[in-house]
Amino acid sequence: MSKTKSAAFAIAGALGLAAALHSGGAALSAPAGQKSVAVMAIVEHPALDAVRDGVKDALKAKGYDASKNLKWQYQSAQGNTGTAAQIARKFVGDRPDAIVAIATPAAQAVVAATKDIPVVYAAVTDPVAAQLVPSMGPSGTNVTGVSDALELDRQIDLIRKIVPNAKRVGIVYNPGEANSVVVVKQMQELLPKAGMSLVEAAAPRTVDVAAAARSLIGKVDVIYTSTDNNVVSAYESLVKVGTDAKIPLIAADNDSVKRGAIAAQGVDYYQLGQQVGDIVARILKGEKPGAIASATVNKVQLTLNPAAAQAQGVALPEALIKSAATVIK
């Protein structure tokens, strides 16, 4: 081999090594003092998007700005758990300072992929049942976060205020999503105490939501929707069924009211994201995630949609309208 060729190979090798180092992770390429946060959502819909935005804004308020000293990356798994696992592995390879996982399937994928990188879950209804943490106290592991669990007694009370004579409550849900299964089990226990029963319709995929809703026609007096990601992603198809069949829809998240549900006494998901962002900032400043107890969202609010109520055959009590934090015009 000639000296010219040897020099060429040496230069190429050096360039290849430099490229490998650059792509090997944020820790190798990040400027001094820069922190890195990777964020994954299981799917994109208004509630989960609000969580993401709340995290980013809270970090900026704490001095971590994506345009200055924060490497921020975001990916959606587009509702696919296999894709979520791939993104989780990619993030772990990047070695960020923290990973934020939005919704239960995303959090399960990330927690399965790493035992040392700090993981902060968001919008997980029951993190213990999802096996993310052993309890709501400090986990002693690399995981903490904020739950969006709601008091289901208050949800049932809202159902009775809007549909006083309801006896059969329908629910469309993905039986493969842990947070949805938890809600179904709790509703099965609580509704009989209120003189009602639960009628279930499974929607394992987003495309199944409309058919599952149609299967409830003639069987239920009202449909309650939890924060099931399949259902929320296809909420307009559920609204069409409810409106055409005059079945009132009551939701667990306020964004679904904007999209056609009658009411929700739900979480402010942007505010939940801000809570998550505050926790991430604490981790970036040196706190261990295992020493930070899991939290629940600080604020719930009542949102009403009178036009949806009329379309679905319901007259909202005036007192309820006056008590709402938001009335959709």
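Side notes on the structure shown:
- Packing around the peptides 303-309, 128-134, taken as the average count of other Cβ atoms within 10 Å per residue, puts them in this order, highest first: 303-309, 128-134.
- The modelled label-to-label distance for the pair ALA112/GLU236, using points 7 Å beyond Cα in the direction of Cβ, is 3.2 nm.
- With the simple spin-label model, which puts each label point 7 Å out from Cα in the Cβ direction, the ASP53 to ALA245 separation comes to 3.3 nm.
- Of the trypsin sites (Lys or Arg not before Pro) found in segment 37-90, those that fall in a DSSP loop while having at most 11 other beta-carbon atoms within 10 Å are LYS68.
- Remark: the chain carries 43 Å² of accessible area per residue (probe radius 1.4 Å; ligands, DNA and RNA excluded).
- Here is the list for segment 269-301: trypsin sites (Lys or Arg not before Pro) lying in DSSP coil, each with at most 12 other C-beta atoms within 10 angstrom of its C-beta, are LYS285, LYS299.
- Taking amide H as placed 1.01 Å from N in the peptide plane, ALA252 has its amide H under 5 Å from the amide H of THR225, each at least 5 places away in sequence or on another chain.
- Taking Cβ atoms as reference points and 13 Å as the exclusive limit, the residues near LYS71 contribute a net charge of +1, counting Lys and Arg as +1 and Asp and Glu as -1.
- Estimated dipole of the chain in Debye, rounded to 20 [Cβ of Lys and Arg +1, of Asp and Glu -1, Cα centre]: 640 debye
- For LYS62 and ARG154, the FRET efficiency from 1/(1 + (r/R0)^6), where r spans their Cβ atoms and R0 equals 25 Å, is about 0.20.
- In range of the label at ALA307: residues from segment 237-271 whose backbone nitrogen is under 14 Å from the point 7 Å along Cα→Cβ: 257-262
- Span from the segment 302-329 Cα centroid across to the segment 93-169 one, whole angstrom: 29 Å
- Carbon/sulfur fraction of accessible area - the chain, other protein chains in place, 1.4 Å, %: 53 percent
- Under-5 Å amide H pairs with VAL100, H placed in peptide plane, nonlocal only: ALA38, VAL39, MET40, VAL120
- In the assembled protein chains, ARG214 presents an accessible area of approximately 130 Å² (probe radius 1.4 Å).
- In this simple spin-label model, placing a label point 7 Å from the Cα along the Cα-to-Cβ direction at both LEU190 and THR81 gives a separation of 2.5 nm.
The values are calculated or read from the model by the stated rules, or taken from the named source; none is laboratory data. Computed from a prediction, not measured in an experiment: that's the story for all the values here. Reconstructed Cβ throughout: ideal geometry from the backbone, glycine too, with neighbour counts over all protein chains shown. These area figures cover heavy atoms from the full protein model, side chains too; ligands, DNA and RNA do not enter into them. Shrake-Rupley method; radii C 1.70, N 1.55, O 1.52, S 1.80 Å.
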